[in-house]
């Protein structure tokens, strides 16, 4: 699993994006997603990041959704 690998932070995020984002991206063009379904996926992803210590449980959530220029 990518989270257990010894990749640096940049490469780890790139690997997560390459593997985990493909399925939802493919389905976005086919399915109509309800807002609650998207929030549920977002919560699950956040929990995984916390479990593998890639994010802190009390960290500001808003910083995850701003562009790199702004953040």
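One-quarter of the Cα convex hull surface for the stretch 2-65, in nm²? Present the calculation step by step, with values, prior to reporting the outcome.
Numbers: hull surface 19.7 nm².
For the stretch 2-65, the mean projected area of the Cα convex hull comes to 4.9 nm².
Choose one answer from 27, 44, 53: the residue with the largest mean-square fluctuation in a GNM of the chain with alpha-carbon springs under 10 Å.
27
Taking other Cβ within 10 Å of each residue's Cβ, how do 55, 42 sort, fewest first?
Values: 55 17, 42 13.
In increasing order of surrounding Cβ atoms, one gets 42, 55.
Values in this text are rule-based calculations from the coordinates and carry no lab data. In this text, all values refer to a predicted model and were calculated from it rather than measured experimentally. For neighbour counting, all protein chains shown are included, and Cβ atoms are generated from backbone atoms with ideal geometry for every residue, glycine included.
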